[in-house]
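Here's the structure we're looking at; comments come further down.
Bear in mind these aren't lab numbers, they're just calculated from the coordinates by the rules spelled out. If you're wondering where the values come from, they're calculated on a predicted model, not measured in any experiment. Cβ: placed from backbone, ideal geometry, glycine included. Neighbour counts: every protein chain shown.
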């Protein structure tokens, strides 16, 4: 049971480039989330999804896009990367988000130069 | 979400109990309290959750006051590997967990 898998683990982007951070879970969880964490700070919610075909904005959605075509996958797209998007990105999932714990991936460390 | 308040940092001697407090005075009757921890650079890890009764698992114990306005996470015999940031969360009606800065626990030899 792999849990939540994120790829890549590290990436350096140049300003203006685009990339997709991959997230997949094998627990048949309905809810999935993307967070970013800046140094010394807590996690900020970017986007979340309550099921396939349904996504919604979190606290800091600007500069990002998501899609949820399957239960398993929840990719995060960065368009026109900016230095302010340098951060560690975490994907998480949960079964119904009310009475279950959340499972996090190991993170993607992104640097935009 | 109910707002939670935690001390910024704490320290504890190895082998002693670590007691991490959390205030959630605006919690409503059907909201659970969750605790997570984040070891340096890793994704947060679920520890325990509870509603009204005290809870215990292989990682920790959770003590919730009778009025449910505060809780304490107890690591009974802290080890160096318990050094981490600990988050107290009340997802509430939004079902979306919000992670603040948490409590940075340092376990020293």
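Where the centre of each part is set by its Cα atoms, how far does the stretch B:64-108 sit from the stretch B:4-48, in angstrom?
Centre-to-centre (Cα) distance: 1 Å.
How many Cβ atoms of partner chains, on average, are near each residue of B:41-50 if near means within 10 Å of its Cβ?
Working: counts 5, 6, 16, 11, 4, 7, 1, 1, 3, 0.
Going residue by residue through B:41-50 and averaging, the value is 5.
Tell me the label-point distance for the pair residue B:10, residue A:56, using the 7 Å Cα-to-Cβ offset, in nm and rounded to one decimal.
3.3 nm
Just need the relative contact order of the stretch A:47-113 here, percent rounded to a whole number, with Cα pairs under 8 Å and 6+ apart. Can you show the working numbers first?
Details: 94 pairs, mean separation 15.6, N = 67.
Averaging sequence separation for qualifying contacts and normalising by length gives 23 percent for the stretch A:47-113.
How large is the Kirkwood hydrodynamic radius of chain B, in angstrom, based on all distinct alpha carbon pairs? It would help to have the intermediate numbers written out before the result.
Numbers: mean 1/r = 0.0725 Å⁻¹.
The answer is 13.8 Å.
Order by neighbour count: A:9, A:44, fewest other Cβ atoms within 10 Å first, most last.
Final ranking by Cβ density, sparse to dense: A:9, A:44.
With the contact rule set at Cα under 8 Å and sequence spacing of 6 or more, what percent relative contact order holds for chain A?
Details: 299 pairs, mean separation 40.7, N = 113.
Normalised by residue count, the contact order of chain A is 36 percent.
Sticking with the crude label model, points 7 Å out along Cα→Cβ, report the distance from residue B:19 to residue A:19 in nm, one decimal please.
4.6 nm
If I model a spin label as a point 7 Å beyond the Cα along the Cα-Cβ vector, how far apart are those points for residue B:72 and residue A:7 in nm?
4.7 nm
Using only alpha carbon positions, build the gyration tensor of the stretch B:53-109, then give the equivalent ellipsoid semi-axes as the square roots of 5 times its eigenvalues, largest first, whole angstrom. Working shown, then result.
Numbers: eigenvalues 100, 51, 18 Å².
Working from the Cα gyration tensor, I get semi-axes of 22, 16, 10 Å.
Contour minus end-to-end for residue B:39 and residue B:63, with contour as 0.36 nm per residue of separation and end-to-end as the Cα-Cα distance? Show your work: numbers first, answer last.
Numbers: separation 24, 0.36 × 24 = 8.64 nm, distance 2.25 nm.
Additional length available on full extension: 6.4 nm.
So what's chain A giving for Cα Rg divided by 2.2 N^0.38 Å, two decimals?
1.00
Grab the alpha carbons of the stretch A:1-63, take their convex hull, and tell me the volume per residue in Å³. Before the final figure, lay out each step's value.
Numbers: hull volume 7.7 nm³, N = 63.
For the stretch A:1-63, the hull spanned by Cα atoms encloses 122 Å³ per residue.
Remind me, relative contact order of chain B in percent, using alpha carbon pairs under 8 angstrom and six or more residues apart?
Values: 276 pairs, mean separation 40.3, N = 109.
Relative contact order, chain B: 37 percent.
Work out the P(r) tail for the protein assembly as shown: percent of alpha carbon pairs separated by more than 32 Å, whole number. Spell out each step's value before the answer.
Numbers: 4771 of 24531 pairs.
That fraction is 19 percent.
Quote the FRET efficiency, to the nearest 0.05, computed for residue B:52 versus residue B:3 with a Förster distance R0 of 22 Å and r equal to the Cβ-Cβ distance.
On the way: r = 20 Å, r/R0 = 0.89.
The pair residue B:52/residue B:3 has a calculated efficiency of 0.65.
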